[in-house]
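A.B. asks: What follows is a single structure, and I will ask about it in a moment.
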């Protein structure tokens, strides 16, 4: 069973503080005697119930009814008990500010203002100073706008919190995709190299024992490198340079028995760390695909500087693939990575495969026709 709550917890002590303003109306009722005093106590009790209910009720019709009850009690206590009870009008004034729809808000506020003004006129015939209450009536009428503005701000803050939570979820999801992609690009490359070296060891086991020892040592070094890569990925500290990846790419391609040739513009090595990291991962994927799928004997890599951009071109003389077939996650990952730095990916596969990456140096330039 849930603990009983007089008021919603989100309002804190504020609802209890407002109850202090009922001390004076209670005092005026206490000064009465007989049936009038009894009726006064009943009215104040109903007023307290309405005050408590208005903090909880979601139904618009019930909400309007309880506000109407409060206004009626204020009128009765002001006319038949003490004119100063008009100040109880701040209670319904406060709750009028909670109407969500502007139409309901304005109708309720107009009715409230008219009723309070008429009540002020009535009690003025009993000797109450008509002008004395007008400034307070003005405050009662404008205060709901402040309440409405405050509630709107709270609502926007809640929506912002929800949006932030959704953003956190999306960031987590994207981080999972990034980790999966990094594992594919990093470990996939290294494990492919280990596989090729292991196959070479098997072929040389009987023919060249000395070469086997050398290859076994390289396999050990490659596996240690894989372990280090996993540690770097986990710590999110992995940064790949173009120079570093070119050496890795050459190693894995030549280990597969494919001749590797490169023509590199040294200025490409001065790109930002983010650009180098993304280009490096794309080169890694391209090299891994050549080793796994191309059956090529030659691979040519060139990086040339153009007007406001670099063109990175990877050619092989392998069997190619059907461009209309669904491309693997590796090529899709390359495209997505390049988009992060406003880069573009172009692929052609006829006699062999050509991959071209266009990387803007500073700003994204107008697209140029690229011959593939």
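Quick note: the coordinates plus some simple rules give every number you see, no bench work behind them. Remember, predicted model here, so these are calculated numbers, not experimental data. Quick reminder, even Gly has a Cβ in these numbers, built from the backbone with ideal geometry, and neighbours come from all protein chains shown.
A.B. asks: Enumerate the whole-percent occupancy of each 5 Å bin, from 0 to the last occupied one, for all C-alpha pair distances of the range 275-359.
C.D. replies: Pair shares across the bins are 3, 14, 27, 27, 17, 9, 2, 0.
A.B. asks: While we're on this one: Could you put 201, 110, 123 in order, starting from the residue whose Cβ has the fewest other Cβ atoms within 10 Å?
C.D. replies: Neighbour counts put them in this order, fewest first: 110, 201, 123.
A.B. asks: Could you work out the relative contact order of the range 9-128, using alpha carbon pairs under 8 angstrom and six or more residues apart, expressed as a whole percent? Can you show the working numbers first?
C.D. replies: Details: 70 pairs, mean separation 24.8, N = 120.
Result for the range 9-128 is 21 percent.
A.B. asks: Checking the a/c ratio against 1.5 first, then a/b against b/c, what shape does the Cα gyration tensor give for the range 9-128? Don't skip to the answer; put the middle values down first.
C.D. replies: Values: a/c = 2.06, a/b = 1.34, b/c = 1.54.
Verdict is oblate for the range 9-128.
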